[in-house]
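See below for the structure under consideration.
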Amino acid sequence: MRNANPWKAAVAAGVLLLAVACGSGGGTGGGGAAEQKSVGKGEGRIDLIAWAGYAEDGSNDPKADWVHPFEKQTGCKVNTKIAGTSDEMVSLMKTGQYDTVSASGDATLRLIAAGDVAPVNTRLVPNYRDIFSGLKMRPFNSKNGKMYGIPHGRGANLLMYRADKVSPAPDSWKAVFDGAPKYSGKVTAYDSPIYIADAALYLMKTRPALGIKDPYALDRTQLDAAVALLKKQRQYVGEYWSDYQKEVTAFKGGDSVIGTTWQVIANTATAQKAPVKAVLPKEGATGWSDTWMVSAKAAHPNCAYKWLNWIVSPKVNAQVAEYFGEAPANAKACRETADPHHCAVYHADDEAYYRRVHFWTTPVPQCLDGRTNVKCTDYAQWTRAWTEIKG
């Protein structure tokens, strides 16, 4: 999915999925999986599936190593599998060979529904108490009043543009939808079925008659409207991006002049002298929040819980957030960042900002907006639709 730091993390593709395998003890899966009751001595090993940049051991950058200190403190040897997409993460977790995964919101509900992850006993994760309240008990990381993981970090999908090519300065997603013809061939968009939610968000604000209340809860008519908008946009898109480095290069060279981005990409492009600016449009935006989830079949549940507490501890969470380029989940992490402005740049403690962000949530048949008189479209339908959109 996301490769936010290609300069430090040795990942060729710019999509990055980090899943850490640390187990929750043999649960039965789904909503019936049992949460762990206590944490005992570590089993000596933990198997992770992780986004690149989330479980650094110093091999990519000697200054980025929070794995070896964890191993020394706990005796749990970390074995990390880097996955490239949320789909890959879901497939890997089905094998039962991994203990924990840093799942994004377009994967979490799929993992819960399949019974591949267990609810997490947050009382066994002391650092959970310092997690920003805006990340707790959200539709993408909880079910039936239970947390299914520990929040790791978050970020918004912003609108980036070349200030020397795009005028006037845009403040709406209209620039990449209804206004896309003006920048034909130089519009860029995120390459994933979850991008359908960006179109749905725009329609939610501009076509209220469609009745969209949640960009991830679309009935057939609403999905068709979003697909029609994206098919119209398709003729003006020069490139769909998932590779972080390629988007930076495209904006530097002028092949792309406007489209979706992340704050870290905008920062990197600016540092490389590209005349870009990024804005959270007036309609709001979609966004992502990653959650460390525990396998329902975890072979190393104690090491898993030790990892969950470690990775969101203030100092480590600050290290990961700066390395990866995101807002940390632990409020105390903001005191630990090397850059004293990091949390301000990423709006870490700005809940008003994040209330305007609709975090990725897996589309499911049971409408997430509370409707019961209609069946909503699920992720499989979104995936088929995305194939049609791209031709």
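Restricted to segment 326-341, and to residues that are surrounded by 24 or more Cβ atoms within 10 Å (Cβ to Cβ) and in contact (Cβ under 8 Å) with a residue 60 or more places away in the chain, which residue is nearest to TYR354 (Cα to Cα)? Before the answer, list the steps.
Taking segment 326-341 as the starting set, the residues that turn out to be surrounded by 24 or more Cβ atoms within 10 Å (Cβ to Cβ) are 326-330, 333.
Applying the additional criterion that residues be in contact (Cβ under 8 Å) with a residue 60 or more places away in the chain yields 326-330.
Values: GLU326: 13, ALA327: 11, PRO328: 13, ALA329: 12, ASN330: 15 Å.
Out of the qualifying residues, it is ALA327.
Only helices (runs of 4 or more DSSP H) wholly contained in segment 299-380 count here; list those with 2 or more residues that are assigned by TED's automatic domain parsing to the domain that holds ASN144 and among the β-branched types (Val, Ile, Thr). Please lay out each step first, then the result.
On the way: elements: 301-311, 314-324, 342-345, 351-354.
Filter on segment 299-380 gives 314-324.
State yes or no: is ALA107 in the same structural domain as ALA331 (by TED's automatic domain parsing), buried (at least 23 other Cβ atoms within 10 Å of the Cβ) and touching a residue at least 40 places away in the same chain (Cβ under 8 Å)? Outline the logic, then answer.
Working: in the same structural domain as ALA331 (by TED's automatic domain parsing): yes; buried (at least 23 other Cβ atoms within 10 Å of the Cβ): yes; touching a residue at least 40 places away in the same chain (Cβ under 8 Å): yes.
It is true that ALA107 is in the same structural domain as ALA331 (by TED's automatic domain parsing), buried (at least 23 other Cβ atoms within 10 Å of the Cβ) and touching a residue at least 40 places away in the same chain (Cβ under 8 Å).
Quick one: in segment 36-55, which of the residues that are assigned to a strand (DSSP E or B) and within 21 Å of the chain's Cα centre (by Cα) is nearest to LYS77 (Cα to Cα)?
Quick first cut of segment 36-55, residues assigned to a strand (DSSP E or B) only: 45-50.
From what's left, within 21 Å of the chain's Cα centre (by Cα): 47-50.
Values: ASP47: 8, LEU48: 11, ILE49: 14, ALA50: 15 Å.
Among them, the one singled out is ASP47.
Filtering segment 144-153 down to residues that are touching a helix residue (DSSP H, G or I) at 6+ places or on another chain (Cβ under 8 Å) and modelled with pLDDT of 95 or more, which residue is farthest from TYR305 (Cα to Cα)? Let's see the steps before the verdict.
The first filter runs over segment 144-153 and keeps only residues touching a helix residue (DSSP H, G or I) at 6+ places or on another chain (Cβ under 8 Å), leaving 144, 147-153.
Okay, now just the ones that are also modelled with pLDDT of 95 or more, so 147-153.
Values: MET147: 14, TYR148: 13, GLY149: 10, ILE150: 10, PRO151: 13, HIS152: 14, GLY153: 18 Å.
So the residue we want is GLY153.
What's the number of the condition ILE150 fails, among (1) within 30 Å of VAL257 (Cα to Cα); (2) aliphatic (A, V, I, L, M); (3) surrounded by 24 or more Cβ atoms within 10 Å (Cβ to Cβ)?
Every listed condition holds for ILE150 apart from (1).
Cβ-Cβ distance below 8 Å, separation of 6 or more or different chains: which pairs start in segment 254-283 with a residue that is acidic (Asp, Glu) and end on one that is modelled with pLDDT of 95 or more and in a loop (DSSP other than H, G, I, E, B)?
Sorted first by the residue in segment 254-283, then by its partner, the pairs are ASP255/LYS186; GLU283/SER172.
Among the residues of segment 68-118, count how many are touching a Gly at 6+ places or on another chain (Cβ under 8 Å), among the hydroxyl-bearing types (Ser, Thr, Tyr) and farther than 30 Å from ALA156 by Cβ.
1
Quick one: in segment 155-196, which of the residues that are of a type in the set (S, T, N, Q) and more than 28 Å from GLY134 (Cβ to Cβ) is surrounded by the fewest Cβ atoms within 10 Å (Cβ to Cβ)?
The initial filter retains those residues of segment 155-196 that are of a type in the set (S, T, N, Q), namely 157, 167, 172, 184, 188, 192.
Narrowing further to those that are more than 28 Å from GLY134 (Cβ to Cβ): 167, 184, 188.
Working: SER167: 9, SER184: 11, THR188: 24.
Among them, the one singled out is SER167.
Can you tell me which condition SER133 does not meet? The list is (1) surrounded by 17 or more Cβ atoms within 10 Å (Cβ to Cβ); (2) within 18 Å of SER289 (Cβ to Cβ); (3) of a type in the set (Ser, Thr, Tyr), and all the others hold.
Answer for SER133: the failing condition is (1).
If I filter segment 216-232 down to residues being out of contact with any helix residue (DSSP H, G or I) (no Cβ under 6 Å at 6 or more places or on another chain) and in a helix (DSSP H, G or I), which single residue comes out as nearest to ALA197 (Cα to Cα)?
LEU223
For segment 138-187, which residues satisfy the criterion of being among the aromatic types (Phe, Trp, Tyr) and either assigned by TED's automatic domain parsing to the domain that holds MET204 or in contact with an Asp or Glu (Cβ under 6 Å, 6 or more places away or on another chain) (or both)?
Passing the criteria: TYR161, TRP173, PHE177, TYR183.
Condition first: within 15 Å of LYS390 (Cα to Cα) and small (Gly, Ala, Ser). Now tell me which residues in segment 221-248 satisfy that.
As a first pass, look at segment 221-248 and keep what is within 15 Å of LYS390 (Cα to Cα): 224, 226-242.
ALA226, ALA228, GLY238, SER242, listed by residue number.
The values are calculated or read from the model by the stated rules, or taken from the named source; none is laboratory data. These numbers come from a predicted model, not from an experiment. Methodologically, a virtual Cβ is constructed for each residue, glycine included, from the backbone with ideal geometry; neighbour enumeration extends over all protein chains shown.
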